Amino acid sequence: MRAHLQTISQVARAAGVGVQTVRFYERERILPAPKRSGAGYRLFPENTVERLRFVKRAQGLGFSLEEIRELLALRASPRANCGQVRERAERKREELDGKITELRRLRRALDKLIAECSGEGPVSRCTILTSLEENS
């Protein structure tokens, strides 16, 4: 029985992404190179939509393309185990915690600048701009 193949536009539509996104993931080797029709059209296997959705969900959690490649490789490896996947998720969480800490620090610094600015007077005496000039 022959597997059902889909065109790039069918895959993109079903996965909720653009055609250029599918091409990008193909170039980045996130998607395997598809078969080609006699006319040169890309023909993707049925599991391509599932793979694209996996990639988009992983990106939504902050995983980079390289990290997604690793996850996909683990998913395809019969010798991989759930602990290896968990380890990568824990690393990502630690990375996000660091970013959250940095964003909170930036928020406090902005809060201080805003609190010190009356919002009155000429821009030449703006305390926010003065502070930015002094710290550069």
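A short reminder: the numbers here are calculations on the coordinates, not readings from a lab. For clarity, every value in this text was computed on a predicted model and none was experimentally measured. Heads up, the Cβs are rebuilt from the backbone with ideal geometry, glycines too, and the neighbour counts pull from every protein chain shown.
One table, with the values for the structure above:
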{"item": "25 Å Cα-Cα reach of K35 towards lysines, excluding residues that sit fewer than 8 places from it in its own chain", "result": "K56"}
{"item": "Whole-Å distance, taken between Cα centres, linking the range 57-136 and the range 25-49", "result": "34"}
{"item": "Efficiency of FRET from Cβ geometry, E90 and L132, R₀ 35 Å, rounded to 0.05", "result": "0.40"}
{"item": "Inverse mean reciprocal Cα-Cα distance (Kirkwood Rh) of the range 8-74, Å", "result": "12.2"}
{"item": "Reachable aspartates and glutamates, given that their alpha-carbon falls under 18 Å from the alpha-carbon of K92 and they are not under 8 places away in the same chain", "result": "E66, E67, E70, E102"}
{"item": "Given charges at Cβ of Lys, Arg, Asp, Glu: the chain dipole, positive-most of H4, T127, F44", "result": "H4"}
{"item": "Residue (of L106, V55, P32) at the positive-pole extreme of the chain, dipole from beta-carbon charges", "result": "P32"}
